[in-house]
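A quick write-up on the structure given underneath.
The values are calculated or read from the model by the stated rules, or taken from the named source; none is laboratory data. Quantities reported herein were computed from a predicted structural model and do not represent experimental measurements. When we count neighbours, we look across all protein chains shown, and the Cβ atoms used for this are built from the backbone with ideal geometry, even at glycine. These area figures cover heavy atoms from the full protein model, side chains too; ligands, DNA and RNA do not enter into them. Shrake-Rupley method; radii C 1.70, N 1.55, O 1.52, S 1.80 Å.
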Amino acid sequence: MTCAKILFVVGLLVAVAAVIAAPDTALSQTAPPSQPRLWLADGQRTSGRLVGADGQGKLEFASDGSAARAVAAADLILWGDFQAPPKGARVLLASGGEWAGRIAAIDANVVSVESDAFQTLELPRKALAAAILVWPPAARDQAALAARLADRPAGLDAVLFVNGDRVAGNVEGLANGQIALVAGDSGQGKPTHFDVERVAAILFGTRRAPAEAPLPKSQKDRQPGRDNSGA
């Protein structure tokens with residue numbers, strides 16, 4: 001037997017011995033639960049799938065190899081495993097919350113949002129602070145967008161463009177891939193239309209009622225609900 005063959009056999013024996021001596025980490029480590037977490041008010045922490053519910057506030061959970069158990073909704077602390085939603089298109093609520101979804105349409109009173117969980121939702125426009133259409137992948141650009149979202153024009157909407165520009169005014173709507181914006185603080189005039197692909201975010205300002213037209217002089221002394229004929 002040559003020297004090369006002897007070295008090969010010795011190396012092979014050493015490798016086999018190391019495999020036999022090594023602990024089976026796949027078996028020795030505790031496998032994560034395959035069921036969603038289930039935490040109860042009495043301190044129990046287990047796991048289970050939601051398999052039923054009734055109209056009396058009772059929920060049924062089942063685990064592999066065990067019968068379903070009923071749990072009062074009031075006794076449920078946590079069920080499931082939190083997963084942070086991927087950063088992307090979303091709406092920022094005036095209350096401080098966030099709702100993941102793509103802006104499908106905007107009109108004077110309603111913003112339609114398409115989400116994977118709830119399909120199409122119609123949210124009141126006054127309940128929204130902003131809509132993010134494009135979330136940049138780089139951390140530096142994310143911080144820059146967050147700063148732009150915080151710089152709100154008083155009482156006005158604003159369109160934040162991907163290239164860093166901003167136009168404040170009144171967003172009249174979004175439809176067919178176009179955002180209609182009346183620039184300026186008057187809220188009057190012909191809207192300009194922008195392709196939605198150019199827009200990073202929309203800020204929703206405080207909606208202001210249009211100013212009342214002054215009454216003619218002959219009408220200033222008229223009082224509603226009274227006979228003003230002078231008879």
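Here are some notes:
- Label-to-label distance, nm, for residues given as residue 102 and residue 122 (7 Å Cα→Cβ offset): 2.1
- At an R0 of 41 angstrom, the distance between the Cβ atoms of residue 53 and residue 146 translates into a FRET efficiency of 0.55.
- Taking a Cβ cut-off of under 14 Å around residue 58, the surrounding Lys, Arg, Asp and Glu residues balance to a net charge of -2, with basic ones at +1 and acidic ones at -1.
- Loop-located trypsin sites (Lys or Arg not before Pro) in the stretch 93-167 (DSSP state other than H, G, I, E, B) with a sparse environment of at most 11 neighbouring Cβ atoms within 10 Å are absent.
- Using a probe radius of 1.4 angstrom, the carbon and sulfur fraction of the accessible surface of the stretch 67-169 is 57%.
- Residues residue 186 and residue 70, FRET efficiency given R0 of 45 Å [Cβ-Cβ distance, rounded to 0.05]: 0.15
- Taking amide H atoms as placed 1.01 Å from N in the peptide plane, the amide H of residue 94 lies under 5 Å from those of 128, 129, each 5 or more residues away in sequence or on another chain.
- The local environment of residue 120, defined by Cβ-Cβ distances under 13 Å, has a net charge of -2 under the rule Lys, Arg +1 and Asp, Glu -1.
- The modelled label-to-label distance for the pair residue 44/residue 62, using points 7 Å beyond Cα in the direction of Cβ, is 1.7 nm.
- Where GluC sites (Glu not before Pro) fall in DSSP loop in the stretch 89-182, at most 11 other Cβ within 10 Å: none
- Rounded accessible area of residue 204 (nearest 10 Å², 1.4 Å probe): 10
- Residue 51 accessible area, 1.4 Å probe, all protein chains in place, Å² to nearest 10: 80
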